[in-house]
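This report refers to the structure that appears directly beneath it.
The values are calculated or read from the model by the stated rules, or taken from the named source; none is laboratory data. This is a predicted model, so every value here is computed, not measured. Neighbour counts are summed over all protein chains in view; Cβ atoms, including those assigned to glycine, are modelled from backbone coordinates with ideal geometry.
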Amino acid sequence: MSFLHRPHDRRPAKLTALAATAALALTALAGCGSGEGEVSADGVAKVKLGVIPIIDIAPVELGIKKGVFKRHKLEVTTQAAQGGAAIVPAVVSGDFQFGYSNIVSLLIAKEKGVPVSMVSVGARASDDEMDDGSGQLMTADPAITKVADLKGKKIAVNTLKGINEVAVASSLKKHGVRRGDVQLVEVPIPNMPAALKDGQVDAIMVSEPFISMAAKQGAEPLPVSYASMGKKLPFAAWFAAEPYAAKNPKVVERFTAALKESLTYAENHPDEARAALNGYLKLDAGLSEEVTLPGWNPEAGQADIAPLAQLTVDSGLIKSTDPLKELLDR
């Protein structure tokens, strides 16, 4: 396979969760932003992806490296953001043509009338609630040995009103602890192991490779994870703004095809997926070989995602599961 060299833009996305409120008012006339999204005379489309610097996006980085997107006539750049709550408004405004987000943030946005459309599942939970590479609660406090011990404690999440809040709230409920019995605080994912080690928080809801980093510092997992919401549960997705998708259906079709190929390749070549982490994260030698990978099977429908939508309702973040169907309609 051919290799595609492309520029990397790792600056944090400027739109934060707070800015999302203003972004909700954007209409279908949202622009393309910075000249991205254009299709050249030879049919190559320039697309910028809003991503989170975690293990979930390894298949896309691997697909770029392997030339998968190039074969589908896509010139791809990526830009990192703290979470889906920041990426959603940036996609709607046209700063990104496609974005990666947890599905909870997309459901919340959809209920508020934000014009986003899901194009592919991005990652799935593991089948082990004590070993989930995409979302696992870790603690270094020897006094916290079970979920009930989290009562009165401070837990770090990357963003509020997202997948991690649902994972924590639903797991607490199963163990007889109310959401209001813990304090959730926002901490960027790369900063979480240090925040836990320094005692700024009592536990962190974190993903790989930062789970392994925390473990090396003595942290232990608790059965609060994406897998605790449902084994192999789809929890994240790639999405586009509805106006962009309507205007560029062929680009969306090619992007979705390239995604499916990349996700399937990563699922079947875990060692290469682990090695891809070293291309966009600064890791200690050998760490990428130890991380737990999420599932990347891209095939999922409304029934597969429905349990997560219901948990989002149960956590009080949306009123009903109606936004799920609207999110999948294209």
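Scanning region 94-106 turns up one or more residues that are touching a residue at least 60 places away in the same chain (Cβ under 8 Å), in a loop (DSSP other than H, G, I, E, B), closer than 16 Å to A258 by Cβ and of a type outside the set (A, V, I, L, M, F, W, C). The residues on offer are A156, A214, and the sole one that is modelled with pLDDT of 95 or more, crowded, with 24+ Cβ neighbours inside 10 Å and part of a strand (DSSP E or B) is A156.
Of all residues in region 268-279, one or more are under 15 Å from V76 (Cβ atoms) and modelled with pLDDT under 95. State yes or no: is E61 at pLDDT 55 or above, assigned by TED's automatic domain parsing to the domain that holds Y280, over 28 Å from T292 (Cα atoms) and of a type in the set (D, E)? No, not satisfied.
All of K260, K282 fail the test of being in the same structural domain as A237 (by TED's automatic domain parsing), assigned to a helix (DSSP H, G or I) and not polar (S, T, N, Q), apart from K260. Evaluation of P53 against the conditions (1) part of a loop (DSSP other than H, G, I, E, B); (2) modelled with pLDDT of 95 or more; (3) assigned by TED's automatic domain parsing to the domain that holds A258 shows that the sole unmet condition is (2).
Only a single item in (1) surrounded by 24 or more Cβ atoms within 10 Å (Cβ to Cβ); (2) without any contact (Cβ under 8 Å) to a residue 24 or more places away in the chain; (3) aliphatic (A, V, I, L, M) is not met by A143, and it is number (1). Of all residues assigned to region 197-206, none qualifies as being part of a helix (DSSP H, G or I), among the acidic types (D, E), surrounded by fewer than 16 Cβ atoms within 10 Å (Cβ to Cβ) and modelled with pLDDT of 95 or more.
Against the test of being closer than 30 Å to S117 by Cα and either touching a residue at least 40 places away in the same chain (Cβ under 8 Å) or part of a helix (DSSP H, G or I) (or both), the options A275, A194, A245 yield a single qualifying residue, A245.
I need the full set of residues from region 296-320 which are assigned to a loop (DSSP other than H, G, I, E, B) and more than 26 Å from T256 (Cβ to Cβ), in order please. Once the filter is applied, which keeps residues that are assigned to a loop (DSSP other than H, G, I, E, B) and more than 26 Å from T256 (Cβ to Cβ), region 296-320 yields S315, G316, L317, K319, S320. The residues of region 236-256 that are under 22 Å from the mean Cα position of the chain (by Cα) and either outside the structural domain of I54 (by TED's automatic domain parsing) or of a type in the set (K, R) (or both) amount to a single one, R254. Of everything in region 119-128 that is closer than 17 Å to S171 by Cβ and crowded, with 21+ Cβ neighbours inside 10 Å, the residue that is nearest to the chain's Cα centre (by Cα) is A125.
Taking (1) within 23 Å of E75 (Cβ to Cβ); (2) out of contact with any strand residue (DSSP E or B) (no Cβ under 7 Å at 6 or more places or on another chain) in turn, S228 satisfies each apart from (1). Considering (1) crowded, with 24+ Cβ neighbours inside 10 Å; (2) closer than 17 Å to L324 by Cα; (3) touching an Asp or Glu at 6+ places or on another chain (Cβ under 9 Å), the lone condition that A109 does not fulfil carries the number (3).
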